[in-house]
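All remarks here apply to the structure that follows.
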Amino acid sequence: MAFFFQELVNGVTTGALYALVALGFSMVYGVLKLLNFAHGDLYMVGAFVGYFVIQWFGGPAALSIPVPLVLLIMFVLAALLVGFLGVAIERFAYRPLRNAPRIAPLITAIGISFFLENAALLLFGAQFRVYNTSEFISFSSGIQIGSVSIDAVQIMVLLMGLVLMVGLRLLVTRTKLGKQMRAVASDREAAEMLGINVNLTIAATFFLGSALAGVAGVMAGLLFNQVTNMIGFVAGLKAFTAAVVGGIGSLPGAMLGGLLIGIAESFITGYVSSTYTNLLIFGLLIAVMLARPTGLFGRPQLRKV
Amino acid sequence: MKAYAIVATTALGALILAGCGSSSSNNNGTNAAATKCATSIGMEGPLTGPVAVLGQEQLHFAELALATDNTANKTHITLVQGDTQLNPAQATTVTQQLTSNSSIVGVVGPAGSQEVEAVGPLFARVNMAFISGSATNATLTQGKYPTFFRVVSKDSVQGPQDANYIVNTFHPKALMIVDDQEAYSTGLVSVMVPIFQQAGIKVDHESVSQKVTDFSSIVAKVTPATTVVVLPWQVATNAQQFGRNLAQQHKNAVIFGTDGLFSPGTFTITGSDVSSFGPDITGIPADASIVAAATSKFGKFGTFGPPVYAATHVLDEAIASVCKGGHTPTRANVLAAVKATNEPTSILGQPISFTSGGDIVNGKFFLFKIDSTGKYNLIPSS
């Protein structure tokens, strides 16, 4: 039973990360109908921001300010910088193509992804950067229930993931900006005619989605320690899968999809074999698509004729 | 019609340009080579992509060797880079580019055994020597690729040596071995597992992609009886994270890493054992100047750079020997010179000459234990 709970904790933690990245992916798709393949690379940039914050304050073994403050700065700075990077990408790469055939922004998104990966390679080099989290957050600072270990970083990731997901849900359903985002997602032209500033709303969507990816990047750095220019690829792929399983464009779907994939990965590795994890995960994706082509929470698009 | 005209004009222009380019490079290559031993060599490695850290290190050491050898031999050899991304398909494309460049007479690389399998026939077709500093799959030197050489030993040496060391040193009742789904890793696993099973050890064989960075789910499967985890991997930071996940879940298993994990400063899990195809060159007095130059230019380095230095040096010396003999370095005579290599010492602390299959003669592996400061200490061979 302890093994089951250990795998569950591992799965939920990883799933929370996937969910955060998938949320941004899904938000952008919901508003622009754009598969932003550069989204995973924003996560990578966030992870680098977190790494450099640790270095600025003396490195993991000799932080010059209290750890909670470093963590706060890491998360806030990553959210802001990556959020604005997302806005810049939307402004200069996607907006000019808003009325172009849908293949054009898709190819642009792939181009932006390669651009970010290679820009990071040029700026930061190819070597792995390591957070060394255990040097400033001890493994013993977590919870031990029987033989199930939940360390402090996992707890932090779970709590932050939960807070961010609930916060985003409230923002989208209870605020004026959320209402504008839903209106633009529903019908961009009608929203514009009703006086909604569509450009600003789309920019805000990119900011929020990218900021979440930035925060997820810092969390990944704290959890998995290593950062390279390529970590966004797998994260982006998993987030895309999570968004599709949950129903692309649906925020609760992205959250559920992320958690499902994280937990499924963990249990398949634990109870079947790590050899078949990806095979079974993507088999699961195909099964979900066959049973519900729009994903778990997706709605079929109605076309007026 | 207008569109067809544009396409036709563009194609014609491209053909003319290509023709000019190729004829000019051919002329320059031949004339220059004849007068001042000027030629080019290729370097294939994962310069970008998930394991760019290894490829960049290899490139740095190739450049360092070339600069040193050009000065020492008064040659003018230039390096043409090819980024394979550790991907056999990409390696094939890069090899086609390098082999079609007539000024290139030999190649250093590629890095991975799976890539060598993909490009071996292409090099054989043009009779061009290619020397890898890290492809260790045992089958590569069984005659399939007659122009292939390597300056490192092979898995059929490393696998049994490492497996027997684990059996005789740790006496485990159960162990976990995790491959990273690449030819290097699966090749070693296929050699080591039968030895473990023959010794009556219960083996849990797991498999995880090189791109994965979270091992908590696999680590959860490490039972109290599992005293050793064998990681035949190429990405040291992954092994470091695996070690952290073990500590996080309070598991006491010892990690044994194969040569791909020999990376002082990166893989530093206390008590782990690591195999290496070469000694730590920072501990070889004769390599002090190379270590100093590499450290000052590129910073920290691991296990992948020095063998590429050795491979580049072999190729440079082969070209220089052809020139000293009064000949123009061509692919055929450079290949013959590489086959005749007989270096009494090398950066790897051992002589370099090749068997008829392209293996280094008397290749061996070294074992190290990591202490609590992260230092790699050589385990004396018994």
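Each reported figure results from applying straightforward, stated rules to the coordinates on display, with no laboratory input. Keep in mind the model is a prediction, meaning the values are calculated, not measured. In this analysis, Cβ positions are derived from the backbone assuming ideal geometry, glycine residues included, and neighbour counts consider all displayed protein chains.
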Long pairs among B:Lys74/B:Lys144; B:Lys173/B:Lys375; B:Lys324/B:Lys364; B:Lys339/B:Lys369; B:Lys173/B:Lys369, criterion Cα-Cα beyond 24 Å: B:Lys74/B:Lys144; B:Lys173/B:Lys375; B:Lys324/B:Lys364; B:Lys339/B:Lys369
Euclidean distance between Cα centres, region A:78-93 to region B:183-227, Å: 42
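Classify region A:1-134 from the C-alpha gyration tensor, please: rounded if a/c falls under 1.5, else prolate or oblate depending on whether a/b exceeds b/c. Walk me through the numbers on the way to the answer.
On the way: a/c = 2.27, a/b = 1.43, b/c = 1.58.
Cα axes put region A:1-134 in the oblate bin.
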Relative contact order (percent, whole number), chain A, Cα cutoff 8 Å, 6+ residue spacing: 38
Cα shape, the protein assembly as shown, gyration tensor, a/c 1.5 rule: oblate
Intensity falloff of region B:295-353 expressed as log10 I(q)/I(0), Debye formula with alpha-carbon point scatterers, at q = 0.12, 0.31 Å⁻¹: -0.35, -1.24
Mean separation of Cα contacts under 8 Å (6+ apart) over length of region B:234-363, as relative contact order %: 18
Check: chain B dipole with +1 on Lys, Arg Cβ and -1 on Asp, Glu Cβ, in debye: 300
Long-range amide H partners of B:Thr226 with built H, under 5 Å: none
Rounded to whole Hz, the Karplus (6.51, -1.76, 1.60) HN-Hα couplings of region B:373-378, x for glycine and proline: 8, x, 7, 8, 10, 5
From phi via Karplus (6.51, -1.76, 1.60), per-residue ³J(HN,Hα) for region B:232-237 in Hz, x at Gly/Pro: x, 10, 10, 10, 5, 5
Distant-in-sequence amide H partners of A:Ser273 (H built 1.01 Å from N, under 5 Å): none
Rough spin-label spacing in nm, given labels placed 7 Å along Cα→Cβ, for A:Tyr276 and A:Phe5: 2.8
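In chain A, which longest range has no trypsin sites (Lys or Arg not before Pro) that are both DSSP loop (not H, G, I, E or B) and surrounded by at most 14 other Cβ atoms within 10 Å?
Formally, the longest exposed-site-free interval is A:103-302.
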Rounded tilt (10° steps) of A:103-124 against the dominant C-alpha axis of chain A: 30
In nm, spacing of pseudo-spin labels at A:Phe84 and A:Trp56 (7 Å Cα→C-beta vector): 1.1
Chain B: relative contact order as a whole-number percent, Cα under 8 Å and 6+ apart: 18
Derived scalar couplings ³J(HN,Hα) [region A:187-201; Karplus, 6.51 cos²θ - 1.76 cosθ + 1.60; whole Hz; x for Gly, Pro]: 7, 4, 5, 4, 4, 5, 5, 7, x, 6, 7, 5, 4, 5, 5
Beta bridges per DSSP with both ends in the protein assembly as shown, % antiparallel, nearest 5: 30
Distance (nanometres) between label positions extended 7 Å along Cα→Cβ at A:Ala190 and B:Asn127: 7.5
For B:His76, distant residues with modelled amide H under 5 Å away: B:Ala38, B:Thr39
Nearest 10 degrees, 0 to 90: helix B:288-298 Cα axis against chain B principal axis: 80
Dipole-positive endmost among A:Trp56, A:Met165, A:Tyr94 within region A:2-291 (Cβ charges, Cα centre): A:Tyr94
Charged-residue dipole, Cβ positions (Lys, Arg, Asp, Glu), the protein assembly as shown about Cα centre, Debye nearest 20: 1920
Relative counts (whole %) of C-alpha pair distances in region B:51-93, using bins that are 5 Å wide: 6, 20, 22, 20, 14, 11, 6, 1
Three-way shape label, region B:156-276, alpha-carbon gyration tensor, a/c 1.5: rounded
Dipole in debye (nearest 20) - region B:291-382, about Cα centre, beta carbon charges: Lys, Arg +1; Asp, Glu -1: 160
